[in-house]
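Written out below as C-alpha cells is the structure these notes cover.
The values are calculated or read from the model by the stated rules, or taken from the named source; none is laboratory data. What you see is a predicted model, and the numbers here were worked out from it, not measured in a lab. Backbone-built Cβ (ideal geometry, glycine too); neighbour counts: all protein chains shown. Note: areas computed on protein heavy atoms with side chains; ligands, DNA, RNA excluded. Shrake-Rupley method; radii C 1.70, N 1.55, O 1.52, S 1.80 Å.
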Amino acid sequence: MDPDDYRRTSYETWGAMAPGWERRRDYIWETGRAVGEWMVRELDPKPGDTVLELGAGPGDTGFTAAALLGEGGRLISTDFSPDMLEVARRRGTELGHPNVDYRVMDAERIELDSDSVDGVLCRFGYMLMANPAAALGETRRVLRPSGRLALAVWGAAERNPWAAIGGRLLVERGHMPPPEPEAPGVFSMGSEERTRALLEGAGFADVRTEEIPVRFAFTDVDDYVRFATETAGPFAMVIRRLSESERQTIEMQLGEAFAPFAAEGGYELPGVALAAVAS
C-alpha cells in the first residue's frame with residue numbers, strides 16, 4: 001500500500017477503535033501493565049522533566065510517568081487520532097493529573113523544538129507507523145542530548161498467538177493479504193535485530209532490549225472476538241465486514257486453534273513484548 005494511503009486508512013481505523021479502547025481500557029492496561037511499568041522504570045523520569053508520549057492511546061503509560069514528574073514537570077500526551085486523544089484526556093481528568101498537555105501529533109512529524117524533551121515513551125506505536133525510521137529520527141531530534149527513549153513493540157508472530165492465530169485465519173480465508181516484510185503491522189518490528197537497527201539508524205548509540213511476557217485471558221471465543229472487534233485495528237475492521245456465516249466459521253476455527261491454551265475459566269493466550277530503552 002502507498003504510504004499516504006496507509007496513513008489515511010490508519011487514521012480512520014484508529015479513530016474507529018477509540019470507543020472500544022475506552023471501554024476496554026482497564027483490561028488493556030492490566031494485561032500489559034508489566035510492559036508499561038518497565039518502560040517508565042527504564043525511562044526513569046525525574047521531578048521537573050518534560051516527557052513526551054507518542055501514540056498514547058488511552059494514555060496510561062504516560063500517566064504512570066506523570067505521577068513522577070511533580071508540579072514542575074510536564075507530560076505531553078499525544079496521538080495522531082483526535083478521537084483517541086480525547087480518550088486519554090478523559091482518563092487524565094479522571095486521574096486528576098494537572099501536569100499534562102494533550103496534543104494531536106503525528107510521530108513522523110513531531111511539532112516540537114529540537115532538544116526540548118527529557119524522555120519519550122511509545123508503547124506499541126512505532127510498529128504501526130508508515131515510516132518508523134522517520135518517527136524514530138524525529139524522536140531523537142526532540143530529545144535532549146542526555147534524553148532517553150523507552151518503547152515497546154510486539155515480538156515475533158510465533159511468540160504471540162493471541163494476535164497471530166486470528167490474523168493467520170483471516171489470511172488463509174482470503175480476507176487479508178499476507179503481511180509484507182517490514183510493512184507496518186503488529187509484528188513488523190518483532191525481531192530484536194530490526195528494532196535495534198532502526199534505533200541505531202536514528203542516531204541512538206546506547207540500546208538495550210528486553211522481552212516481557214504477557215497473557216491475554218478470555219472467557220470463551222466470543223469474548224475474544226468481541227475484544228478483537230472493538231480494539232484490534234485493521235484486524236477489527238475486517239471482522240466487522242464479515243458475513244454472519246463466515247464469522248461463525250472463523251469462530252469455530254478459532255476454538256480449534258485455541259484448544260492448546262485452554263485454562264480454568266476460558267483461555268489464556270500468551271504473548272511477548274519486545275521492549276527497548278535507548279539514548
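Some values worked out for this structure:
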item: Any hit, the stretch 106-113, residues being exposed (fewer than 15 other Cβ atoms within 10 Å of the Cβ), among the hydrophobic types (A, V, I, L, M, F, W, C) and more than 20 Å from the chain's Cα centre (by Cα); result: no
item: Residues located in the stretch 77-94, provided they are in a helix (DSSP H, G or I) and in contact with a helix residue (DSSP H, G or I) (Cβ under 9 Å, 6 or more places away or on another chain); result: P82, D83, M84, L85, E86, V87, A88, R90, R91, G92
item: Residue match in the stretch 170-179 (condition: farther than 18 Å from A257 by Cβ, open to solvent by less than 60 Å² (accessible area, probe 1.4 Å) and outside any loop (DSSP other than H, G, I, E, B)); result: no
item: Those residues of the stretch 58-71 which are at positive phi and open to solvent by 10 Å² or more (accessible area, probe 1.4 Å), in sequence order; result: G70
item: Verdict on R7 being touching an Asp or Glu at 6+ places or on another chain (Cβ under 7 Å), open to solvent by 40 Å² or more (accessible area, probe 1.4 Å) and touching a residue at least 24 places away in the same chain (Cβ under 8 Å); result: no
item: Only one of R159, R74 that is open to solvent by 40 Å² or more (accessible area, probe 1.4 Å) and out of contact with any helix residue (DSSP H, G or I) (no Cβ under 9 Å at 6 or more places or on another chain); result: R159
item: The stretch 236-264, residues that are within 19 Å of the chain's Cα centre (by Cα) and open to solvent by 30 Å² or more (accessible area, probe 1.4 Å); result: M237
item: Pairs, first under 12 Å from R33 (Cα atoms) in the stretch 51-64, second of a type in the set (D, E) and assigned to a helix (DSSP H, G or I), C-beta under 8 Å, six or more apart; result: T64/E37
item: Which numbered condition F80 misses (of (1) open to solvent by 10 Å² or more (accessible area, probe 1.4 Å); (2) closer than 27 Å to L269 by Cβ; (3) within 14 Å of the chain's Cα centre (by Cα)); result: (2)
item: Some residue of the stretch 90-100 being at positive phi, open to solvent by less than 10 Å² (accessible area, probe 1.4 Å) and in contact with a strand residue (DSSP E or B) (Cβ under 8 Å, 6 or more places away or on another chain); result: no
item: Condition met for V120 (outside any loop (DSSP other than H, G, I, E, B) and touching a Leu at 6+ places or on another chain (Cβ under 6 Å)); result: yes
item: First in the stretch 190-205 and among the aliphatic types (A, V, I, L, M), second anywhere and open to solvent by 20 Å² or more (accessible area, probe 1.4 Å), Cβ under 6 Å, 6 or more apart; result: L198/A133; A202/G137; A202/R140
item: Identity of the residue in the stretch 181-235, within 30 Å of G255 (Cα to Cα), among the hydroxyl-bearing types (S, T, Y) and not in a helix (DSSP H, G or I), that ends up most open to solvent (accessible area, probe 1.4 Å); result: T219
item: Boolean, P145 is surrounded by fewer than 21 Cβ atoms within 10 Å (Cβ to Cβ), free of Cβ contacts under 8 Å to residues at least 60 places away in the same chain and under 21 Å from L254 (Cα atoms); result: no
item: Scan of the stretch 114-129 for residues that are open to solvent by less than 30 Å² (accessible area, probe 1.4 Å) and either hydrophobic (A, V, I, L, M, F, W, C) or closer than 13 Å to G201 by Cα (or both), ordered by number; result: V117, V120, L121, C122, M127, M129
